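So the structure is just underneath, and the comments pick up after that.
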Amino acid sequence: MKSKTLTFVGLFSGCGGLDLGFTLAGYKCIAGFDIDKTAIEVHKLNRIGMDATCLDLSSETADAQIPLADILVAGPPCQGFSTAGKMADNDERNSLLQAVVRIAKKNNPGMVLVENVPGLVSKRMVHHYNKLIEDLSKLKYSTMKIECNAAEFGVPQRRKRLFIIAWRDIIQFKGCHSLSEYRKRLVVKDVLSVINPSVTGHSPKLLAPDSDEYKIAQFIKAGQKFCDVRRGPNSIHSWDIPSVFGDVNDEEREILELVLSLRRKERRRTYGDSDPVFISRLGELVSFDPNPYIDSLISKGFLKRIDDCVDFKRAFNGWYRRLDPASYAPTVDTRFGRAKYFLHPTENRGLTVRETARLQTFPDNFIFLGTEAEQYRMIGNAVPPILAKTIAEYIADNFVWNRGAAD
């Protein structure tokens with residue numbers, strides 16, 4: 001990087017994960033913008049940049065408030081492109097990619113950095129990506145994309161991300177450093193082992209011992225989840241927890257195990273990852289009349305009837321996921337405070353705000369505001385600062401600004 005510190009403006013900044021990463025790498029944040037008022041207050045409180053403003057970036061009337069800077073750093077909403085969601089092509093948030101282009105056209109920065117999910121380049125959504133690249137090209141930007149997993153770069157979670165770097169001819173791409181040079185491994189225990197009780201946002205709430213949630217959690221070991229529709233040692237099924245869901249006899253268990261196998265093995269539809277199982281097919285594979293046992297399993301709440309087929313009543317792919325201290329956490333999302341979705345590695349509870357923030361690599365002196373639900377939402381939607389810092393360092397090491405270009 002030049003001796004002059006490069007400046008940037010953050011768009012769709014949220015609470016500031018992406019902006020914080022760039023400042024940690026030595027860039028100067030002129031301003032951050034987001035429509036979420038509470039997130040902007042967090043951005044201000046933690047002094048990430050010189051200013052932060054609550055602003056609806058979808059409207060052209062916002063453009064006059066956005067100052068000039070060397071780089072636009074943008075993290076437009078990714079929910080519409082995420083494979084964890086519906087990937088709805090008409091999700092209104094998808095159009096916010098074009099707000100980045102609109103602002104780049106007006107402010108003419110030397111570089112634009114766009115962060116999103118790899119789903120943006122999936123077959124269903126790639127036309128949004130192609131339009132973004134086409135529009136940036138019309139503005140005389142060269143572009144490149146980086147797909148990476150945050151787990152490879154010092155973030156203790158599996159979190160796949162897409163970064164698009166666009167630069168004008170005042171900048172030269174040297175390409176002398178590979179992204180692999182920045183690799184660093186941290187696992188869950190590296191960030192959760194020791195937390196001072198006085199740290200803000202850390203008030204563990206153990207599940208009540210007489211609750212069903214506690215009884216379920218007791219059966220879930222590190223790296224396991226409560227899941228009726230997957231096989232293998234990491235899936236604990238409802239019929240394995242009689243204290244909550246009731247007993248099953250040998251014949252009922254055999255039917256449940258057959259349904260578990262056949263629903264994914266014998267497919268009839270071209271969509272989804274499983275199909276209900278014909279009752280007649282079960283009758284071919286067991287040595288007894290399955291109907292009375294199927295009726296019993298339906299009355300007990302294990303199965304449901306769909307025409308002449310059956311399927312699991314609890315057709316979810318994993319609740320009560322207990323983090324493995326020796327491995328990476330699943331992608332941190334807005335639900336990490338709820339034990340029903342994610343369990344602490346060793347205790348029967350969800351993750352605290354501070355523990356969730358650590359998994360996202362926010363430092364302990366980073367303060368969050370709002371209700372607990374708002375704090376979990378901000379953290380889950382943020383770009384891990386250490387991943388952002390890695391990308392910022394990669395840019396600094398590989399792109400050379402022509403003398404006077406950033407003055």
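Before moving on, here are some points about what is shown:
- Note on Lys205: aspartates and glutamates with a C-alpha under 14 Å away, same-chain residues under 8 apart excluded, are Glu213, Glu347, Glu355, Glu372.
- The modelled label-to-label distance for the pair Glu347/Asp295, using points 7 Å beyond Cα in the direction of Cβ, is 4.9 nm.
- The 3J(HN,Hα) values that the Karplus relation (6.51, -1.76, 1.60; θ = phi - 60°) gives for segment 197-210 are, in residue order, x, 7, 5, 5, x, 10, 10, x, 10, 5, 5, 5, x, 8 Hz. Gly and Pro appear as x.
- Rounded to whole numbers, the Karplus 3J(HN,Hα) couplings from phi for segment 366-380 are 7, 9, 10, 10, x, 5, 4, 4, 5, 5, 4, 5, 4, 5, x Hz, using 6.51 cos²θ - 1.76 cosθ + 1.60 with θ = phi - 60°, and x at Gly and Pro.
- Where GluC sites (Glu not before Pro) fall in DSSP loop in segment 237-327, at most 12 other Cβ within 10 Å: Glu266
- Over the chain: helical MRE at 222 nm, DSSP H runs n ≥ 4 each giving -39500 (n - 2.57), nearest 500: -8500 deg cm²/dmol
- Partners for Lys160 among aspartates and glutamates (Cα-Cα distance below 13 Å; same-chain residues under 8 apart left out): Glu115, Glu147, Glu152, Asp333
- Each label was represented as a point 7 Å from its Cα along the Cα-to-Cβ direction; for Ser58 and Arg264 these points are 3.8 nm apart.
- Averaging 1/r over every pair of different alpha carbons in segment 264-407 and inverting the result gives a Kirkwood radius of 20.0 Å.
- Ranked by the mean number of other Cβ atoms within 10 Å per residue, highest first, peptides 212-223, 112-123 order as 112-123, 212-223.
- Arg305-Val400 FRET efficiency (beta carbon distance; Förster radius 51 Å; 0.05 resolution): 0.15
- Cα-based helix-to-principal-axis angle, 291-300 vs the chain, degrees rounded to 10: 50
- DSSP bridge orientation in the chain - percent antiparallel, rounded to nearest 5: 50
- In this simple spin-label model, placing a label point 7 Å from the Cα along the Cα-to-Cβ direction at both Ile170 and Ala208 gives a separation of 6.3 nm.
- Lys/Arg +1, Asp/Glu -1 at C-beta; the chain dipole; positive extreme among Cys176, Pro204, Trp239: Cys176
- Applying 1/(1 + (r/R0)^6) with R0 = 41 Å to the Cβ-Cβ distance of Arg47 and Ser193 gives a FRET efficiency near 0.90.
- Overall dimensions of the chain, expressed as equivalent-ellipsoid semi-axes from the Cα gyration tensor (√(5λ), whole Å, largest first), are 46, 25, 18.
- Theoretical FRET efficiency, 1/(1+(r/R0)^6), r = Cβ-Cβ of Val126 and Ile367, R0 22 Å, to 0.05: 0.05
- A cut-off of 5 Å between modelled amide H atoms, ignoring neighbours fewer than 5 places along the same chain, links Tyr341 with Tyr320.
- Seen against the Cα atoms of the chain and their longest principal axis, helix 96-107 is set at about 10 degrees.
- Cross-link table Lys105/Lys389; Lys28/Lys145; Lys37/Lys389; Lys106/Lys140, entries beyond 18 Å C-alpha to C-alpha: Lys105/Lys389; Lys28/Lys145; Lys37/Lys389
Read-outs: derived from the displayed coordinates by stated rules, not from any lab. If you're wondering where the values come from, they're calculated on a predicted model, not measured in any experiment. Because the Cβ atoms are built from the backbone with ideal geometry, glycine has one as well, and the counts that use them run over all protein chains shown.
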